[in-house]
1. When the residues of the stretch 5-47 are filtered to those that are without any contact (Cβ under 8 Å) to a residue 60 or more places away in the chain and part of a strand (DSSP E or B), which remaining residue is farthest from S76 (Cα to Cα)?
2. Given the options V18, V61, name the one that is of a type in the set (V, I, T), under 20 Å from T330 (Cα atoms) and either open to solvent by 30 Å² or more (accessible area, probe 1.4 Å) or at pLDDT 95 or above (or both).
3. Restricted to the stretch 83-107, and to residues that are open to solvent by 30 Å² or more (accessible area, probe 1.4 Å) and touching a helix residue (DSSP H, G or I) at 6+ places or on another chain (Cβ under 7 Å), which residue is nearest to L10 (Cα to Cα)?
4. Would you tally the residues in the stretch 313-328 being part of a loop (DSSP other than H, G, I, E, B) and surrounded by 15 or more Cβ atoms within 10 Å (Cβ to Cβ)?
5. Q230 versus (1) crowded, with 17+ Cβ neighbours inside 10 Å; (2) modelled with pLDDT under 95: which is the lone unmet condition?
6. Only one of I238, I291 is within 20 Å of I186 (Cβ to Cβ) and either open to solvent by 60 Å² or more (accessible area, probe 1.4 Å) or not in a loop (DSSP other than H, G, I, E, B) (or both); which?
7. Somewhere in the stretch 236-244, is a residue at pLDDT 90 or above and over 30 Å from the mean Cα position of the chain (by Cα)?
8. Anything in the stretch 414-470 that is polar (S, T, N, Q) and either closer than 27 Å to D603 by Cα or not in a helix (DSSP H, G or I) (or both)? List them, or say none.
Amino acid sequence: MAEYKTTVALEIGAQSVVMAVFSPAGRGFALSRYARKEILLDPVEEGMRIDYVSHAIGELVKELKVRGKDVRDVVSGQKVFMRFIKLPALDTVEDLEEQVGYEARQHIPFPPEDIIYSYQKLGGAEDGEQEVLLVAIKKDELDDLNGQVEANGLNTKSVDCSITSLYNAFCASYPEEEEPVMLLDIGAKTTDIIFAESGRFFTRSVTAAGAYVTNSIAREFNVSFREAEQMKLEQGAISLGNGHTDSMSETEASLASIIRNAVTRLSSEVQRTINHYRAQYKGSAPAKAYICGGGARLPFMVEFLQSSLGIPVEFLNPLKSLTLGAKVNTEELEMDALCLGPVVGAAVSGAKAGVFNIDLVPTSVGKDRAEKKLIPLVLTAGAIALLGAGFFSYTAHQKLSEAQRVLSQAEPELRKLENLHSTIQHNTSKYDRNMKFLRRCGELYAARTAYADIFMQLAEKTASTTFWFSDFDALINYDVRSTIVSDAQSGDRNTTTLINTVKSRTAADSAINPAPEPVDAKDRNKAPRVTAIRLRGYIFKKSAGKNSMPLLDELVSAQFNESHPESLFSIQSKDVTKNMNNYFMVQDSKASKGNNIIPDYVDQFYLVMPLKTPLAIPELSGDKK
């Protein structure tokens, strides 16, 4: 039976944090008040997410005046692992729990001690089997989020995930819906696709969501993620084609076309999921779609999806069955309602009126529950001891009473110690993250002198009056077997010095003969490292005689052989002598042409020197889409 009590619900999403307070109203709930805080992070700031979340929770607690209250949390579907598993018919709850635990170890790609899971029985499968929805989350991520909740003066009552919580909100708001329908929760990083059909449930998440649209805008307009997000919110709309953008400015029309291309991928993923649901799970095609989430607020999203999917599309109203409190701003609520489904579902689940009852239990909450289970046992044992002591003496009874008093006094202290332990764990986790970042900074700081060391060694070991170097290039993922691409060959003195491919050579290839195109895709995708340097310089013809190569060969063999402990280069004299064209290229002044004029008293040469220890190149995470 439903138990409607005042409930505080909190959803921690990928790009926003929402909190709402629900009060009993008749045979349901009323939305007393709510607030929503945006967390707009550039991809390079992901490491700071937990701090932004904590700050947002603190502001919501202060604004809604709920410090010290119990709260039902909802975590983003992006954070959880969901698996549909089939089990044989089992007689007892204990048997089911044991079998689910075994399946969790098989299906979740992390050690059992590193995850927290919950499960829900679904409708019976074929041949008498039982279908179960398994929901799991990494323990450290859940504990980190719970640490921020408790640090801001809240007590976690339960933790659900946004997908099952939204489904609970839908079932409570649309009890009359009998046709098979599809829910699209278009969030920041993922779009959750949920099928509801005659009590059946299926879900899949795709990455075509709000951040994908923002990244598309940033890439096309060459602006930052934050600037692209602002453009999307202030000027964004979806082009519907057929002259729909004719009345827009040039910028708005271009923006609308970019957004349309991005959300076209979303409609394709939705259609692919529908086909998968029908083929693999024998489900029915949805007769209608409801959309919600921050991404659903893009202008013309309903019209676009309705046209591309070929079914009616409506906004989901999770507050349909709720009344509104006097403090709720109805104008703001008109669009915010699309983002309140998960918190409504948390209230429904807390009232034991939901279809799903997922509860991911953080470590500290689990300990607290275990202690509360022990209290009745302690009291029962005390009562038995009291009766037994009454047979012997009044003194024993007094001692038992004293023991109970001490126990009741010790419980608050134990709670304080546990809260302190939780705070220490959170701070330790934060310290470890910061130390990892500092170690990475230290590595980059130490690497800054690498090129200075190379310059110094070249200067010390190549002092000569017969030749000199004029250019120094870093070669990325370069193999000495690949050809040397000179400025003269490219015809452009400003050509890039970063070579991102590893080329496979044949016996006919040399520094002069170009190598074939790349043949191994895996080599092109490996981590970038500077593996060699390319030097360009000049040598006097009179000093070199008829051939400049032996002089340069002697220089390399004598000074930079890798057998020398101090050498920074991976060079073996015998390999250089045997395959000289793979290391040197000499261009006679008579061969010069165009803008690359070489005086007739010198030859221009190119020299490739592989590094003994490749140099790492820092990756810019902001470039990853």
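The values are calculated or read from the model by the stated rules, or taken from the named source; none is laboratory data. The model shown is predicted, which means the values in this text are computed figures rather than measured ones. Here the Cβ positions follow ideal geometry from the backbone for every residue, glycine too, while neighbour counts run over all protein chains shown. What goes into the accessible areas is simple: the full protein's heavy atoms, side chains included, and nothing from ligands, DNA or RNA. Shrake-Rupley method; radii C 1.70, N 1.55, O 1.52, S 1.80 Å.
1. Top of the filtered list is P24.
2. Numbers: V61 fails: under 20 Å from T330 (Cα atoms).
Result of the check over V18, V61: V18.
3. Filtering the stretch 83-107 for residues that are open to solvent by 30 Å² or more (accessible area, probe 1.4 Å) and touching a helix residue (DSSP H, G or I) at 6+ places or on another chain (Cβ under 7 Å), the one nearest to L10 (Cα to Cα) comes out as R83.
4. 8
5. If we test Q230 against (1) crowded, with 17+ Cβ neighbours inside 10 Å; (2) modelled with pLDDT under 95, just (1) comes out false.
6. On the way: I238 fails: either open to solvent by 60 Å² or more (accessible area, probe 1.4 Å) or not in a loop (DSSP other than H, G, I, E, B) (or both).
Unique residue meeting the criteria: I291.
7. If we filter the stretch 236-244 for residues that are at pLDDT 90 or above, which is where we start, we get 236-240.
Now restrict to residues that are over 30 Å from the mean Cα position of the chain (by Cα): 240.
Among the residues of the stretch 236-244, at least one is at pLDDT 90 or above and over 30 Å from the mean Cα position of the chain (by Cα), which makes the answer yes.
8. Within the stretch 414-470, the subset polar (S, T, N, Q) is 419, 422-423, 425, 427-429, 434, 449, 457, 462, 464-466, 470.
Residues satisfying the conditions are T449, Q457, T462, S464, T465, T466, S470.
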